[in-house]
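Enquirer: Let me give you the structure first, and then I'll get to my questions.
The values are calculated or read from the model by the stated rules, or taken from the named source; none is laboratory data. Model, not experiment: these values are computed from the prediction. Cβ placement follows ideal geometry from the backbone for every residue including glycine, while neighbour counts extend to all protein chains displayed.
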Amino acid sequence: MKKLNVSFDYLSIIFAVIFATIFALQADLSAQKKGRTDAQVTYALNGAPENIILNWKDDPSTTQAVTWRTSVTIKKGYAEIAVADAAPTFIHNAIRKMALTEKIEVPSGIKYYHSINFDNLKPNTLYAYRVGADEHWSEWFQFRTAGDGTEPFSFIYFGDAQNNVLSLWARVIRTAYSESPKARFMIHAGDLINHANADHEWKEWFEAGDWIHASVPSIPTPGNHEYVKNEAGERAFLSRFWRPQFTLPENGIAGLEETVYYIDYENVRIISLNSIVRVDEQVVWLEKILKDNPQKWTVITYHYPLYSGGDGRDNKELRDLWKPVFDKYRVDIALQGHDHTYARGRNLISGVNIKDESGGTMYVVSVSGPKMYKIKKERWYDRGAANTQLFQLITIDNDSLHYKAITATGNVYDAFDLVKQAGKPNLLIEKFSPETPERDFGSTD
């Protein structure tokens, strides 16, 4: 009888597995009928580090910040770092540091966010690091500190990812990395996800970039979708995940920490502005940061564009506030998002179609995710596109800035150079043929 009972137990298990499989298949078919075609994220439940990302909090030549999270079983986090070497014995020289830790409750349970700012690093040096605790550790990742600005370097700029991030944005960030595996950092111009406090959407963003986030530092600026609305329907509250999951400079405005800030990377000053809240308060701070700017190049990133690429969209109040400061200090290039189109042009003064032939800031609007809008018909821009996922590869080489807009399939769609001229505006050298057709111009698809 005992043997018979065991057989019945096995049969029960088999039937349970069969029924569970049938139920799962039916649920999946039902979801497909309802149009759910997104890839699904996974969560580390055993204490393993997840959502690992590099940022900067201080000088990129001597520091490097890393942030990650773990499940409730890991309440303390550590990181180990060493100068990288081809011999695997470099790990014996690693120094261990304890992380700062904070707790957040998410639908999948309690999560602990850990962050460390590595300091006293050597410029232009390759380091290896890993994060973890107890028996749960990540693999070893590598990064290189900034140099002295004499060697060319590249970085990547993404417009909005926002929707279907794991399904359709993943190919863009991965293509960007394959096109420039030695890019020194990535700029994200807001709307990284769609709902500010949706943990599964942030998980998609981290999973889409995976180890790229852990190897190439990110410089993000918030978009309107990183904010939650108040009772008046205004975007007022920054995502509760923003500050725990990123470790960014706090050299901006009180109350806007890690959204308004600047980073000096070699001979470039990169400024993040917050175009969603308290925009008028940023004018005085911006003027000070630009007036005291010792760097050769100035890059500003923010979300709402001063010159819109989307049909029926305009941000005149923001343009009236910020553009006079851009003009006064000759900002080189503005990297924007929000409009889910591609548009770039310069020489703009007041209005949308009035140009100043003496030169001016190059304004770019771009989109890296799959959500698309109709492009603006009034041509302030020199090159535009609709219905096209893109990333931008920008190279700084002393007095020259080389720019390429590249599609998700790896084709160069737009290109130009800016060249510094003593006492004069930047020389613009167009690199695309004016006869090249623009993609899906005016499309609603």
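Enquirer: From the set of residues in segment 391-426 that are of a type in the set (A, V, I, L, M) and without any contact (Cβ under 8 Å) to a residue 60 or more places away in the chain, which is farthest from residue 176 (Cα to Cα)?
Expert: Residues of segment 391-426 of a type in the set (A, V, I, L, M): 393-394, 396, 401, 405-406, 408, 412, 415, 418-419, 422.
Of the ones still in play, those that are also without any contact (Cβ under 8 Å) to a residue 60 or more places away in the chain are 412, 415, 419, 422.
On the way: 412: 12, 415: 15, 419: 24, 422: 33 Å.
Filtering first and then ranking leaves 422.
Enquirer: Residue under question is residue 236, and the condition is that it be among the aliphatic types (A, V, I, L, M), free of Cβ contacts under 8 Å to residues at least 24 places away in the same chain and either assigned by TED's automatic domain parsing to the domain that holds residue 214 or at positive phi (or both); does it hold?
Expert: No: the conditions fail for residue 236.
Enquirer: Next question, about the same structure. State whether one or more residues within segment 298-316 are assigned to a strand (DSSP E or B), at pLDDT below 95 and under 16 Å from residue 384 (Cβ atoms).
Expert: Yes, segment 298-316 contains a residue that is assigned to a strand (DSSP E or B), at pLDDT below 95 and under 16 Å from residue 384 (Cβ atoms).
Enquirer: Return yes or no: is residue 369 within 17 Å of residue 188 (Cα to Cα) and outside any strand (DSSP E or B)?
Expert: Yes.
Enquirer: Which members of segment 241-290 meet the condition of being without any contact (Cβ under 8 Å) to a residue 12 or more places away in the chain and either touching a helix residue (DSSP H, G or I) at 6+ places or on another chain (Cβ under 6 Å) or of a type in the set (S, T, N, Q) (or both)? Lay out the reasoning, then the answer.
Expert: Start the filter on segment 241-290 by keeping residues that are without any contact (Cβ under 8 Å) to a residue 12 or more places away in the chain, which leaves 251, 254, 284, 288.
Correct list: 251 only.
Enquirer: Residue 127: surrounded by 15 or more Cβ atoms within 10 Å (Cβ to Cβ), part of a strand (DSSP E or B) and touching a helix residue (DSSP H, G or I) at 6+ places or on another chain (Cβ under 6 Å), yes or no?
Expert: The answer is no for residue 127.
Enquirer: Another question about this same structure. So, residue 331, is that one modelled with pLDDT under 95 and in a loop (DSSP other than H, G, I, E, B) or not?
Expert: Details: modelled with pLDDT under 95: no; in a loop (DSSP other than H, G, I, E, B): yes.
Here the answer is no, as residue 331 does not meet what is asked.
Enquirer: Further, regarding this structure: I need a count of the residues in segment 48-98 that are part of a helix (DSSP H, G or I) and either in contact (Cβ under 8 Å) with a residue 24 or more places away in the chain or crowded, with 23+ Cβ neighbours inside 10 Å (or both).
Expert: 2
Enquirer: For segment 142-161, name all the residues that are charged (D, E, K, R) and not in a loop (DSSP other than H, G, I, E, B). Before the answer, list the steps.
Expert: Step one: filter segment 142-161 for residues charged (D, E, K, R), giving 144, 148, 151, 160.
Once the filter is applied, which keeps residues that are charged (D, E, K, R) and not in a loop (DSSP other than H, G, I, E, B), segment 142-161 yields 144, 160.
Enquirer: Please indicate, with yes or no, whether at least one residue in segment 385-394 is more than 14 Å from residue 306 (Cβ to Cβ), in a strand (DSSP E or B) and modelled with pLDDT under 95.
Expert: No, segment 385-394 contains no residue that is more than 14 Å from residue 306 (Cβ to Cβ), in a strand (DSSP E or B) and modelled with pLDDT under 95.
Enquirer: Another question, if that's okay. State yes or no: is residue 210 within 22 Å of residue 108 (Cβ to Cβ), free of Cβ contacts under 8 Å to residues at least 12 places away in the same chain, among the charged types (D, E, K, R) and assigned by TED's automatic domain parsing to the domain that holds residue 298?
Expert: Yes.
Enquirer: Of the conditions (1) more than 22 Å from residue 157 (Cα to Cα); (2) modelled with pLDDT under 85, residue 379 fails just one. Which one is it?
Expert: (2)
Enquirer: Taking segment 310-326, which residues are without any contact (Cβ under 8 Å) to a residue 40 or more places away in the chain and closer than 12 Å to residue 291 by Cα?
Expert: Matches in segment 310-326: 326 only.
Enquirer: So which of 253, 219 ends up being among the aliphatic types (A, V, I, L, M) and surrounded by fewer than 22 Cβ atoms within 10 Å (Cβ to Cβ)?
Expert: Answer to the selection: 253.
Enquirer: Moving on. Identify, by number, the condition in (1) touching a Pro at 6+ places or on another chain (Cβ under 7 Å); (2) part of a loop (DSSP other than H, G, I, E, B) that residue 433 doesn't meet.
Expert: Status for residue 433: all satisfied but (1).
Enquirer: Condition check: modelled with pLDDT of 95 or more, under 14 Å from residue 214 (Cα atoms) and assigned to a strand (DSSP E or B). Does residue 115 satisfy that? Spell out how you get there, then give the answer.
Expert: Working: modelled with pLDDT of 95 or more: yes; under 14 Å from residue 214 (Cα atoms): yes; assigned to a strand (DSSP E or B): yes.
So residue 115 fits the description; yes.
Enquirer: Give the number of residues within segment 348-376 that are modelled with pLDDT under 85 and either of a type in the set (Val, Ile, Thr) or not assigned by TED's automatic domain parsing to the domain that holds residue 194 (or both).
Expert: So the count comes out to 3.
Enquirer: For the condition charged (D, E, K, R) and modelled with pLDDT of 95 or more, what is the one hit in 440, 414?
Expert: 414
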